[in-house]
Structure formats: C-alpha cells, structure tokens
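The values are calculated or read from the model by the stated rules, or taken from the named source; none is laboratory data. Fair warning: this is a prediction, and the values are worked out from it, not measured in the lab. Here the Cβ positions follow ideal geometry from the backbone for every residue, glycine too, while neighbour counts run over all protein chains shown. Just so you know, the surface numbers come from the protein's heavy atoms only, side chains and all, with ligands and any DNA or RNA stripped out. Shrake-Rupley method; radii C 1.70, N 1.55, O 1.52, S 1.80 Å.
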Amino acid sequence: MLEISAATRTERGRRDHNEDDLCTGIAGRRWYAVLADGAGGHANGAEASRRVVDHLDGALQATDAFSPAALHEAIRGAHAHLQASQPEAEGRARMHATVVALWLDPGTAQALWSHVGDSRLYRLRRGCIDHVSRDDSVVQRMVEAGLLRADQARTHPHKNQLVSALGIEEGVDPHTTEPPMDLRDGDAFLLCSDGWWEPLEDQEIAHTLAHAGTPGEWLDLMQRLIEQRDRPRQDNFSAVAVWVGDPAETTRLLPV
C-alpha cells in the first residue's frame, strides 16, 4: 500500500483576518484533504469556509463508498448546507466559499478530486506539473473562448470574479474526476487558495518541489517566495501539500 505524507499551511497575508480553512483526515484506508476559501467581499467568509470544511470532513468520514458520485454529492451537500444556513440572505450578504477536495485510496492506487470556484489542485509527477482543476472564473472562460492568453489572465482586473461558488442561491455542478485517476509512487499534489497560487509561476511550484525533502519543506519554500513578493494586497494564502509513496521518487525529475 502506498504511504501518504502531508503538510498544511494557512496564513493571513495582509488581510485583517483569515477566511481560509482546511483539513486532512483518514477514514479507514482512505485519505483526504479539503481546502476552502471564504469568498472575498462577502459577509462571514471565515464562517463559510469553516462550514464547508466541517461538512466535507464529516461526509468523507461517514461514507463507505469511494466513488466520483460519493465525492460529487458530498460537495453538493456542503453547498446545500450553506444555502440552508442563510435562507433570507441575498447578493453580497450571502456566505460564499470556494472548495477543492482530494480523496485518495492508497490500497487500490486511485485518486479522486473535485472543486468549485478558483481554489486549485495541482498534480506533479516526475517534475511535470499539471493544473488538474479548472477555475470557475470570468477570466478562465475568456481564456477558453480565446479572448485572453493565460499569462494575461493573471493580471486581468476581473481575475477574482467567480462564476460559481458554494453558497450561491443557484445550484452548483462540482468538477469531479470520473472515473478515478491512477495514483503512482512519487506523485505530489498541491491544494491551494488563490492567494497561494496567484503570486507563483507553475515553474516555481515544480522547482521548489525538486529542492524539498518533505511536504512541509515544500510549503516553506513556496511560502518564502510569496512573502518575498511582498504584494501590498496579499490575500490569505493557504495550501495542503501531499506526497505519495517514497519521497525520493517525489522529487526525482524524470519523464512520465
């Protein structure tokens, strides 16, 4: 069975308080990580992210099934929970949160993930970085429509404008892997809020992994880069680093 090691980090940045939340857990032989970001500009963002993380923590502990459907419904359940907690709220008065969840079965070497919003999941395999989530944002849709280049999206004035988040009045359709993906010795995953990934280039995420000895050291190296940027409006920045199997395989830069 593949071994799983992980580390977490959540920082306030230059904001007055931290509206990110996260957790990791083990249920039977399965392992999971959840990260949520209370949507900026809305009321009670910290409460929204806490409710989402707590709900998914409980749902993944309780289920016997390891399937895309089970993860999909757990995310939808977190959305329904936020909706039910604010039946009279409208517009910017509503609690909102983005979410990204990773669910691993080391025994069968399978991985599932799902997300809503612009909290991201990266998979790194032998030095190759793959952004496996797709942002629910205005600029991402502009990129997909050919109206923006990916590098232009990073500095676009509407880069933080979401088109979907948990807690909105409408329904949501989580982006869930189906079927489960293969899990390999040496795989690394990074779950992170937009405050973490926005200051970093993909090459920097991969480069820091190659120079880290543990998941915690990987987060240390990335955090150092974020803080060196000293962005005047640095958002809360949070991440979960997950290594699968032998750490020596995780940082070995070889073709897939």
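Worth pointing out:
- Computed from the alpha carbon atoms alone, the convex hull of the stretch 9-48 holds 64 Å³ per residue.
- For the stretch 1-79, applying the loop criterion from DSSP together with a ceiling of 16 other beta carbons within 10 Å to the trypsin sites (Lys or Arg not before Pro) yields R12, R14, R29.
- Equivalent ellipsoid, the stretch 130-235 (semi-axes from 5 times Cα gyration tensor eigenvalues, Å): 25, 21, 14
- Divided by 2.2 N^0.38 Å, where N counts the residues, the Cα radius of gyration of the stretch 1-112 comes to 1.14.
- With the charge dipole of the chain set up from +1 on Lys and Arg Cβ and -1 on Asp and Glu Cβ about the Cα centre, the Cα lying farthest toward the positive end among the listed residues G107, A46, L71 is that of A46.
- Put a plus charge on the Cβ of each Lys and Arg, a minus charge on the Cβ of each Asp and Glu, and nothing anywhere else: the dipole of the stretch 186-256 about its Cα centre is then about 100 debye.
- Projecting the Cα atoms of G186, Q234, G216 onto the dipole axis of the stretch 143-234, where Lys and Arg carry +1 and Asp and Glu carry -1 at the beta carbon, places Q234 farthest toward the positive end.
- Based on protein heavy atoms only, the chain ends up with 45 Å² per residue of surface accessible to a 1.4 Å probe.
- When +1 charges are put on Lys and Arg Cβ atoms and -1 charges on Asp and Glu Cβ atoms, the dipole computed for the chain relative to its Cα centre reaches about 360 debye.
- For the chain, the share of accessible area belonging to carbon and sulfur comes to 47 percent (1.4 Å probe, ligands and nucleic acids excluded).
- Using a Förster distance of 45 Å, the FRET efficiency for Q223-D64 (Cβ separation, nearest 0.05): 0.75
- Surface/4 estimate of mean projected area, convex hull on alpha-carbon atoms of the stretch 48-147, nm²: 8.6
- D by Stokes-Einstein for the chain, Kirkwood Rh over Cα pairs, 10 °C, 1.306 mPa s: 87 µm²/s.
- Principal semi-axes in Å for the stretch 180-248 [√(5λ), Cα gyration tensor, largest first]: 23, 13, 9
- Longest segment of the chain lacking GluC sites (Glu not before Pro) that sit in a DSSP loop with at most 13 other Cβ atoms within 10 Å: 4-87
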